[in-house]
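The values are calculated or read from the model by the stated rules, or taken from the named source; none is laboratory data. Please read all numbers here as calculations on a predicted model, not as lab measurements. Note that we place each Cβ from the backbone using ideal geometry, even for glycine, and neighbour counts take in every protein chain shown. Ligands, DNA and RNA are stripped out before the accessible areas are found, and what is left, the full protein with its side chains, is counted by its heavy atoms. Shrake-Rupley method; radii C 1.70, N 1.55, O 1.52, S 1.80 Å.
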Amino acid sequence: MGDVGIIKRIEDIPELREKLIALCKSKSHRAVSSYSLLLAEHVLDMTDTPLDAAFAECFAVNRKWQEGSAHFQAARDVADKMHRLARMEKDPVKTKVLRVMGQVAATPHVKRHALIASDYAITLVNLLYPHNMDEVKKERFGKIEWMENG
C-alpha cells in the first residue's frame, strides 16, 4: 500500500502518511470503511458543504456494504458517479469534495480507497490553507487518531 494513490500534487508530511498507511494495513476492511465515513463527514464539515442526494448515496452504499446488503459493484457505481461529477465541476473545492466522496464510496470495493480519500482530503487542506504544513500535520494526526481508535 506504500504507493497508495495517484494524486500527483500534494503537500504532505510523508512520515505521517506512511503511519496512516501502516495503521490501515492492520485494520479490517469494515473498520477502514467506517473510518472513511468519518472522513467524509469531516470533509463536508470542513468545507461547509451540505449533504445532498449524491453525497447521501456515498454514505448509504458504504453503510449497506458494512451491513452486508450491498455488493462491491454498487459501491463502484456510486464512486464512478462521484468522479463523473468531479470532472464536470468548476469549483476546485467542490471538485476535491467530490473526489473524497468518490473514494469513500469505493472503499467497500478495496480498503485502499480510504487512504486515497485521505490524500484527497490533504489536497483539500492544501487548497484551503496554501503552504500551511501545520494544517496538514493537524489533518494527518487527526486521521491517524481515528484509524488507531477504529
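Please enumerate the residues belonging to region 6-24 that are among the hydrophobic types (A, V, I, L, M, F, W, C), touching a residue at least 40 places away in the same chain (Cβ under 8 Å) and in a helix (DSSP H, G or I).
Those that are among the hydrophobic types (A, V, I, L, M, F, W, C), touching a residue at least 40 places away in the same chain (Cβ under 8 Å) and in a helix (DSSP H, G or I): LEU16, LEU20, ILE21, LEU23, CYS24.
Can you say whether ARG99 is in a helix (DSSP H, G or I), at pLDDT 95 or above, among the charged types (D, E, K, R) and closer than 16 Å to LEU20 by Cβ, as far as the supplied structure shows? Lay out the reasoning, then the answer.
On the way: in a helix (DSSP H, G or I): yes; at pLDDT 95 or above: yes; among the charged types (D, E, K, R): yes; closer than 16 Å to LEU20 by Cβ: no.
Considered against the rule, which asks whether it is in a helix (DSSP H, G or I), at pLDDT 95 or above, among the charged types (D, E, K, R) and closer than 16 Å to LEU20 by Cβ, ARG99 comes out as no.
Among what's in region 5-52 and is small (Gly, Ala, Ser) and farther than 16 Å from ALA106 by Cβ, pick the residue that is least open to solvent (accessible area, probe 1.4 Å).
To start, the set of residues in region 5-52 that are small (Gly, Ala, Ser) comprises 5, 22, 26, 28, 31, 33-34, 36, 40.
Keeping just the survivors that are farther than 16 Å from ALA106 by Cβ gives 22, 26, 28, 31.
Values: ALA22: 56, SER26: 86, SER28: 66, ALA31: 24 Å².
Of everything passing the filter in region 5-52, ALA31 is least open to solvent (accessible area, probe 1.4 Å).
Condition first: part of a loop (DSSP other than H, G, I, E, B) and either in contact (Cβ under 8 Å) with a residue 24 or more places away in the chain or farther than 17 Å from SER34 by Cα (or both). Now tell me which residues in region 48-91 satisfy that. It would help to see each step written out before you state the result.
To start, the set of residues in region 48-91 that are part of a loop (DSSP other than H, G, I, E, B) comprises 48-52, 68-71, 89-91.
The answer is ASP48, THR49, PRO50, LEU51, ASP52, ALA70, GLU89, LYS90, ASP91.
Looking at ALA121, ALA114 in this structure, which one is open to solvent by less than 50 Å² (accessible area, probe 1.4 Å), closer than 22 Å to ALA70 by Cβ and assigned to a helix (DSSP H, G or I)? Step through it out loud before you land on a result.
Details: ALA121 fails: closer than 22 Å to ALA70 by Cβ.
One residue alone meets the criteria, ALA114.
Please give the number of the condition LEU127 fails out of (1) surrounded by 20 or more Cβ atoms within 10 Å (Cβ to Cβ); (2) part of a helix (DSSP H, G or I).
Unmet condition: (1).
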